[in-house]
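**Student:** Below is one structure. I have some questions about it.
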Amino acid sequence: MEDSKPDYRPVVGIALASLILCGLFFPLFITGLAQLIFPYQANGQIVQLNGRPVGSVLISQQFTSPLFFHGRNESDPTTASASGVDPDIPLDQALAQVPRISNATGIPEEAIRSIVLQHVEGTLWIFGAPYVNVLRLNLALIAAYPSVYNPIPS
């Protein structure tokens, strides 16, 4: 009787072919397709201001100036983001910042409140609380009041 050794060549061949197909060609194909069809989204939804990238609407930005809306208050456990990079804040948290921004800029509270309410992002019917994107909100302030925000403070 002859000693038969297991032949691993077909298994190794299938594993390598799967690795190349699923690990290289498929991701490259999907990335190329996304770049063609949805370039803004595929590149991270980078927002430009005066031709300069200023941030992404997908990731929290660190605004520290009293002239701008700030991101989530991480010391408040009821609204804290699990990852710390949530770009949105609850509507009530945005409205609570209106007096501070009004005092710092001289813009009437009602005008700032109106900008906030124009930028409320929806929820699905009754599920979830209304929220606003901090970067979009701050860019709307800059656009609405260029004399206050020119030059833009750091």
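The values are calculated or read from the model by the stated rules, or taken from the named source; none is laboratory data. Everything numeric in this text was worked out from a predicted model, so none of it was measured. All Cβ positions, glycine included, derive from the backbone under ideal geometry; neighbour counts span all protein chains shown.
**Student:** Just one of 135, 58, 67 is more than 30 Å from residue 30 (Cα to Cα), surrounded by 13 or more Cβ atoms within 10 Å (Cβ to Cβ) and either modelled with pLDDT of 90 or more or under 12 Å from the mean Cα position of the chain (by Cα) (or both); which is it? I'd like the intermediate steps shown before the answer.
**Tutor:** Numbers: 135 fails: more than 30 Å from residue 30 (Cα to Cα); 58 fails: more than 30 Å from residue 30 (Cα to Cα).
Sole residue among the options that is more than 30 Å from residue 30 (Cα to Cα), surrounded by 13 or more Cβ atoms within 10 Å (Cβ to Cβ) and either modelled with pLDDT of 90 or more or under 12 Å from the mean Cα position of the chain (by Cα) (or both): 67.
**Student:** If you don't mind, another one. Please state which of the following conditions residue 122 fails to meet, knowing it meets all the rest: (1) loosely packed, with under 11 Cβ neighbours inside 10 Å; (2) modelled with pLDDT of 90 or more.
**Tutor:** (2) is the only condition that residue 122 fails.
**Student:** Out of 89, 112, 101, I need the residue that is outside any helix (DSSP H, G or I) and either in the same structural domain as residue 64 (by TED's automatic domain parsing) or surrounded by fewer than 13 Cβ atoms within 10 Å (Cβ to Cβ) (or both). Which one?
**Tutor:** Answer to the check: 89.
Matching residues to (1) in a loop (DSSP other than H, G, I, E, B); (2) of a type outside the set (A, V, I, L, M); (3) assigned by TED's automatic domain parsing to the domain that holds residue 61; (4) loosely packed, with under 10 Cβ neighbours inside 10 Å:
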residue	(1), (2), (3), (4)
14	no, no, no, no
24	no, no, no, no
29	no, yes, no, no
32	no, yes, no, no
35	no, yes, no, no
48	no, yes, yes, no
